[in-house]
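Down below is the structure, laid out as structure tokens.
The values are calculated or read from the model by the stated rules, or taken from the named source; none is laboratory data. This is a predicted model, so every value here is computed, not measured. Here the Cβ positions follow ideal geometry from the backbone for every residue, glycine too, while neighbour counts run over all protein chains shown. The accessibility values were calculated without ligands, DNA or RNA, using every heavy atom of the protein model including side chains. Shrake-Rupley method; radii C 1.70, N 1.55, O 1.52, S 1.80 Å.
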Amino acid sequence: MNFLLSAAARLIPDCFVYIDGCTSISATGRYGVSYYLFKAFMLPQAILLVVFWRNLNARLLATDGHNVMLSAGITGALFLVLYTIFLGSDGDLYRMLRRYGVFVFFLGTLIAQIAATRRLAKHGLTASVRAQWFLLILMGCLALAEVPLGSFGVQDNRAENLIEWNFSLLMQLWFVTWLFVRRAPSR
């Protein structure tokens, strides 16, 4: 929605971001009405993520000592709040906070998704678990494609934007797969 609003107001380029990578996800929430809508939707989403990870943890009956899924999921959600709060702020400190916020959000959520899928897979591979693994493998490939951009100083904003838009889409699709998990596995 923010992309459409920002593109319609000519605040960002109008393109198909999943193929063109013409703008970043962040740019869609930096200007105009989109600035307020981005914050209005992302902050409640962070709260919903905390609720999701807590409920999923209870549903999957965590019995292992340290709960990676719950810790990583909640950490990711908290860093989404950090990122959202500082989006649209100017200055080097705010840029650093946004960068760490979005990085830890993506990393924490990915780790939580891997842990949840792994835990669910222990109870048998269903179609939804296979779909989750497939999405996670694709996300891993995209994350590996991002390494040269960040590690070797390669400046390619289009490639980075393309990776981030597609990674985000796959991450959201992973959440959709939970609609097809029939019941909590029994221990």
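See the values below:
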| read-out | value |
| --- | --- |
| Apportionment of accessible area to carbon and sulfur, the chain, percent (1.4 Å) | 66 |
| Spread of Cα-to-Cα distances over 5 Å intervals beginning at zero, given as percent, for the chain | 1, 8, 14, 19, 20, 16, 11, 7, 4, 1, 0 |
| Cysteines not pairable in the chain (beta carbon separation under 4.7 Å absent) | Cys141 |
| Region 85-183, Rg to Rh (Cα coordinates; Rh as Kirkwood inverse mean 1/r) | 1.05 |
| Cβ-based net charge around Ser89, under 13 Å, with every Lys or Arg adding one and every Asp or Glu removing one | +3 |
| The chain - percent relative contact order, Cα under 8 Å, separation 6 or more | 24 |
| Heavy atoms of Phe16 accessible to a 1.4 Å probe, total area in Å² rounded to 10 | 120 |
| On Cα atoms only, tilt of 92-121 relative to the major axis of the chain in degrees | 30 |
| Most to least accessible of Val68, Val17 (protein chains only, probe 1.4 Å) | Val68, Val17 |
| Accessible area per residue, Å², the chain with all protein chains present, probe 1.4 Å | 57 |
| MRE, 222 nm, helices only [DSSP H, n ≥ 4, -39500 (n - 2.57), over the chain, to nearest 500] | -24500 deg cm²/dmol |
| Peptides 122-133, 89-100, 69-80 ordered by average Cβ neighbours within 10 Å, highest first | 69-80, 122-133, 89-100 |
